[in-house]
Amino acid sequence: MDEKFGAEQMTNAPQDEKGKDKLIMDDFARQVEERKNRDTKAKRRNWWIKTVLLVALIGVSIYLLFPITKGLTGQGTKGFVEMIHGASLPYFFLLIGAVLAYIATESFQYSYILKTSTGKFRLRNSLKVAILGKYYDGVTPLGTGGQPFQIYYLHKKDIPAGVATAVPLVKYIFSTFAKGLLTVILFSLAFTLLPPAVTSDSKFIAVYAVGWVSMFFNMMVPVIMVFGSLFPRAGKKFIIRIINVLAKMHIVKRKYRVTKKYVTEMGEYRRALKEILRRWWVVIPLYLICLVTAVINFSLPFFTALALASMTPTAELWLQMLCGGLLAFYSASLFPSPGSSGVIDLTASLVFASVLNNVAGGAGGAVAAWIILVWRFFTYYIYILSGIGINIFEIIRGAVRRRRAERASKE
């Protein structure tokens with residue numbers, strides 16, 4: 001009897017083990033299915049959040065297009081038809097060429113840094129990074145949205161995390177130093193270059209003073225980044241002190257989290273800058289590219305004036321318009337409107353209209369508003385329109401891919 005009972009136990013043992021294994025597998029399959037459902041819901045929710053945010057950005061972008069039509073009517077101002085008849089087609093093509101040259105050199109800065117970091121130029125990715133960086137800078141206050149998006153985009157393109165973080169920041173540092181050098185030279189010569197009727201105006205004096213202050217604050221950011229990279233301990237202490245002051249002023253609420261974030265980012269900057277700065281033969285071409293890009297960018301008002309006012313190109317007019325472009329840019333940079341919209345139009349109207357009314361017998365004064373409009377279109381609104389188009393494409397492509405994934409999972 002005992003032998004029979006023992007045999008039954010031996011027979012039932014494997015069946016019990018199989019039953020337990022089946023329960024474990026069923027439980028595991030259920031957990032996997034639940035996790036898959038949660039991931040699907042999370043992805044769907046994130047997609048909707050991203051879509052809503054992009055639509056909101058597109059709405060803001062369209063709203064920012066309305067100020068472009070201000071100032072086109074008034075006494076002594078040429079209408080659209082008169083402006084077209086007086087425009088120079090060859091110089092307009094020259095303007096288009098200058099815009100394309102600016103986009104090409106701006107994109108090449110990213111390509112050059114990627115080449116030194118990864119061994120590949122990645123020209124297509126660099127072009128998209130440049131354009132969308134301009135777009136997100138243009139629709140966010142103080143131009144703060146471009147670099148985070150660029151880092152995110154480069155992460156998506158299978159570029160190492162450290163490189164993806166460093167590329168936009170290194171480009172920002174060198175381009176800011178290039179603009180700073182150009183600004184110091186031209187601001188110092190402003191009262192010599194510009195007509196006395198312009199420099200004696202109290203409004204110009206105010207714009208000139210604000211431009212210097214803004215340039216100083218713009219230069220402080222990369223200086224702090226480089227200082228913290230070259231001297232990590234001193235840089236860390238400096239960051240901590242700044243955040244402590246901001247916390248006491250109730251500007252920073254989560255002091256320790258913010259401190260950790262910026263100290264960590266400073267480490268990323270330090271590693272990237274150390275890799276680049278130790279090779280001087282890499283640094284010099286990069287800085288020269290940034291300097292050329294800045295010159296082309298702030299020369300666009302000059303090419304616009306040639307195209308619309310049919311003015312005779314002279315070195316004096318070029319330097320005056322170059323100085324005016326820098327004044328308009330920096331004097332508006334301190335204001336938190338997206339892309340300095342509205343503010344830069346006002347400062348540009350003051351500077352360019354004054355210059356154009358006092359050179360070449362005032363030939364450009366009648367189309368000054370059109371010159372500012374076209375210049376703003378090619379330096380700002382064109383990126384807004386491009387960003388809108390790219391984002392709409394991304395929304396549609398994301399929706400199509402999501403539906404395909406859902407159909408594939410059902411099959």
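Please treat every number below as a calculation from the coordinates, not as lab data. It should be emphasised that the depicted structure is a prediction, and the values quoted were computed from it without experimental measurement. A quick note on method: Cβ atoms are made from the backbone with ideal geometry, for glycine too, and the neighbour counts reach across all protein chains shown.
A few remarks follow.
- Extension gain from Val258 to Ile396, taking 0.36 nm per residue of separation minus the Cα-Cα distance: 46.1 nm
- Computed over region 80-410: relative contact order in percent, which uses C-alpha pairs under 8 Å that are six or more apart: 28 percent
- Under 24 Å between alpha carbons - lysine pairs in region 137-221 that sit 8 or more apart or on different chains: 4
- Rounded to whole Hz, the Karplus (6.51, -1.76, 1.60) HN-Hα couplings of region 302-309, x for glycine and proline: 5, 5, 5, 5, 4, 5, 9, 9
- Under 5 Å, built H, 5+ apart or other chain: amide partners of Ser310: Ser88
- Simple spin-label estimate for Glu406 and Lys156 in nanometres, 7 Å along Cα-Cβ: 2.0 nm
- Computed from the C-beta positions of Val283 and Ser310, the FRET efficiency with R₀ = 41 Å rounds to 0.45.
- Here Trp212, Trp280, Trp370 are placed in order of increasing Cβ neighbour count within 10 Å, fewest first, which gives Trp280, Trp212, Trp370.
- Debye log10 I(q)/I(0) at q = 0.07, 0.12 Å⁻¹ for region 80-410, Cα point scatterers: -0.33, -0.93
- Contour excess over end-to-end distance, with Cα ends at Leu230 and Thr118 and 0.36 nm allotted per residue: 38.1 nm
- Phi to ³J(HN,Hα) by Karplus 6.51 cos²θ - 1.76 cosθ + 1.60 over region 374-388, Hz, x for Gly, Pro: 5, 4, 5, 5, 7, 10, 9, 5, 5, 6, 5, 5, 4, x, 4
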